[in-house]
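Remarks on the structure that follows.
The values are calculated or read from the model by the stated rules, or taken from the named source; none is laboratory data. Just so it is clear, the structure is predicted and the values come from calculations on it, not from any experiment. Note that we place each Cβ from the backbone using ideal geometry, even for glycine, and neighbour counts take in every protein chain shown. For the accessible areas, the whole protein counts, side chains as well, though only heavy atoms, and no ligand, DNA or RNA atoms are used. Shrake-Rupley method; radii C 1.70, N 1.55, O 1.52, S 1.80 Å.
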Amino acid sequence: MVNLLDPLIIKGLKLKNRLVMPPIGTDLATNKGEVTEKHLSSYEPRARGMGLVIVEHTYVDFGGRFTATQLGIHNDSLIPGLKKLVEVIHVSGAAAAIQLNHSGGKCVESVCGMQSVGPSSIKYWKEPTRGLDISEINDLVHKFGDGAARAVVAGFDAVEIHAAHGFLLNEFTSPLTNKRTDLYGGSLENRFRFALEVIREVRSRVGDNFPLLFRLGADDFTSGGLTITESKKIAPFIVEEGIDIMDISSGICGIYHPTNKKPGFFVQMAEEIKNVISAPVIGVGGITTVELANRFVCEEKVDLVAIGRALMKDPEWGVKAMKALK
Ligand SMILES: Cc1cc2nc3c(=O)[nH]c(=O)nc-3n(C[C@H](O)[C@H](O)[C@H](O)COP(=O)(O)O)c2cc1C
C-alpha cells in the first residue's frame, strides 16, 4: 500500500515523499519582483521535510502584477535571484517548482500600470476590466512560455500554471467572468482554449521531459459558474496537452470551500478528478495533521498532499511529520 513517505517519480524527477508545500504568496519581493533574503529564510526551513515545494505565484507580465511586492518572473534580470531560491530549496532536500500567473481582472492600475485585463469588459473585482483582443491573448500565451523558460534557466525542477482563484486563466474558464462570443468564450472547450494554449506553449518551451503542473480551479461554487462536472470533462484534455500533475483547488470564490470547512476540504474534488485522469493529483485544504495527510494517500484519494497554512505557521511541520510517520 502506498503511503505519504513513498517517493514519486515524475518524468525522472524524484520527489522523496508525497508532501507538497503549495504556492503561498508571501509579498516578500522587492517592488521590481526580485527574490529577497526574506524569501530565502522563509523557504529554507519549510522546504525541509517536503517532497515538493511550489514557489508562490509569479507574474509573467507586468500588467498581471497582483501586488507591488509580488514575486516576478517577467524579465531575465530576475533569474539570478530565482536561482538562489532554487538552491535553498534543493539544499533543504525538496524539489522546486514555481507557479506562473497573470492576475487578470484582479489587478489594480496603481500596481500593474494599466487598466486590468480579462476575458470581457466587466467590473469583476475592484476596478473595471478591459476585455483582451485575440492578438493580446496570443502575446500573453508567449509570456507564460517566456516565464517557464526563465524558470528552467533558474534551475527549477518543474513549473505550475495557475488557473484557479479568479486570476486570468480562471477568468477565462469561468462563465461568470467570461462573456465572450468568439473562440475563447461560450462552450467548455472555448473557455479552456487559452489555458490549453498556455500549456502547449509552455510545453514547447521546456521540452518533453520537464514536469508540468496545472492548478485547476475545479468548481466556482457559484450558480452559473464552472462546475466539477465540467472540470471532470476537461481534465483528461488538460493532461493530454502535457500536464504531469494536477493540483486541485477551487475557482472564482478564492482559496477556501464556501461551505465545507472540514480538514481536507478540496480532497473529495481532487479524488473526482483523479478518477478521470491518469496523472497524479494533489489534494489540499485545511489539512493540519500528518495522520490525515497520510490517510488521504493510503486510501488513494489523492497522490500527493499539500500543507499550506499549517506549514506557514510551523516551518518545521514537514520535518516533524516525517519523523512522526517513520
Ligand atoms: C496567504 C496565502 C497566500 C496564497 N497564495 C497562493 C498562491 O500564490 N497561489 C495559489 O495557487 N494559491 C495560493 N494560496 C492558496 C494555498 O496554496 C492553499 O491552496 C490554501 O491555503 C488551502 O490550503 P491550506 O488550508 O493547507 O492552507 C494562498 C493561501 C494563503 C493563505
Inset, instruction - Would you kindly derive the ³J(HN,Hα) couplings of the stretch 300-305 from the backbone phi angles with the Karplus curve 6.51 cos²θ - 1.76 cosθ + 1.60 (θ = phi - 60°), listing them in order in whole Hz, with x for Gly and Pro? - result: 6, 6, 9, 9, 9, 10
Legend entry - Förster radius 30 Å - calculated FRET efficiency between Ile79 and Asn138 (Cβ-Cβ, nearest 0.05): 0.75
Inset, instruction - Express in % the proportion of alpha carbon pairs of the stretch 8-325 at distances exceeding 24 Å. - result: 49 percent
Legend entry - With all protein chains modelled, accessible area of Thr289 [1.4 Å, Å²]: 60 Å²
Legend entry - Most positive-pole-ward Cα, Gly12, Asn170, Gly49, against dipole of the chain from beta carbon charges: Gly49
Inset, instruction - Measure off 7 Å from each Cα along the Cα-to-Cβ vector at Ser278 and Lys38, then give the distance between these two points in nanometres to one decimal. - result: 4.5 nm
Legend entry - Too-long pairs where the Cα-Cα distance tops 31 Å, listed order kept, from Lys14/Lys274; Lys179/Lys233; Lys84/Lys261; Lys14/Lys261; Lys233/Lys320: Lys84/Lys261; Lys14/Lys261; Lys233/Lys320
Inset, instruction - Normalise the Cα radius of gyration of the stretch 214-326 by 2.2 N^0.38 Å (N = residues in it) and let me know the number. - result: 1.08
Inset, instruction - Take the stretch 127-284, compute every pairwise Cα distance, and split them into 5 Å bins from 0; I just need the percent in each bin. - result: 2, 10, 19, 22, 21, 15, 9, 3, 0
Inset, instruction - Counting helices only, and only those DSSP H runs with n ≥ 4, report the 222 nm mean residue ellipticity of the chain as the sum of -39,500 (n - 2.57) divided by its residues, in deg cm²/dmol to the nearest 500. - result: -10500 deg cm²/dmol
Legend entry - Estimated distance in nm for a label pair at Arg309 and Lys326, the labels positioned 7 Å out from Cα along Cα-to-Cβ: 3.0 nm
Inset, instruction - Run through the DSSP bridge list for the stretch 8-325 and note the antiparallel percent, rounded to the nearest 5. - result: 10 percent
Inset, instruction - With a point put 7 Å past each Cα toward its Cβ, work out how far Lys261 is from Phe237 in nm, to one decimal. - result: 3.8 nm
Inset, instruction - Indicate the gyration tensor shape class of the stretch 1-95 (rounded, prolate or oblate), computed on the Cα atoms with a ≥ b ≥ c the square roots of the eigenvalues: a/c under 1.5 is rounded; otherwise a/b larger than b/c is prolate and the rest oblate. - result: prolate
Legend entry - Set Lys16/Lys38; Lys38/Lys106; Lys32/Lys262 screened for pairs whose C-alpha atoms are more than 30 Å apart: Lys32/Lys262
Legend entry - Cysteines in the chain that, by Cβ-Cβ distance, have no pairing candidate under 4.7 Å: Cys253, Cys298
Inset, instruction - Specify the residue with the greatest mean-square fluctuation among Leu176, Leu19, Leu212, computed from a Gaussian network of the chain linking alpha-carbon atoms under 10 Å apart. - result: Leu176
Inset, instruction - Run the numbers on the chain and let me know its relative contact order in percent, using alpha-carbon pairs under 8 Å that are six or more apart. - result: 17 percent
Inset, instruction - At a Cα cut-off below 17 Å, give the aspartates and glutamates reachable from Lys126, other chains included and same-chain residues fewer than 8 away excluded. - result: Glu109, Glu171
Inset, instruction - Name the aspartates and glutamates eligible as straight-distance cross-link partners of Lys83: C-alpha to C-alpha under 20 Å, and not fewer than 8 places from it in the same chain. - result: Asp27, Glu34, Glu37, Glu44, Glu56, Asp61, Asp146, Asp157, Glu160
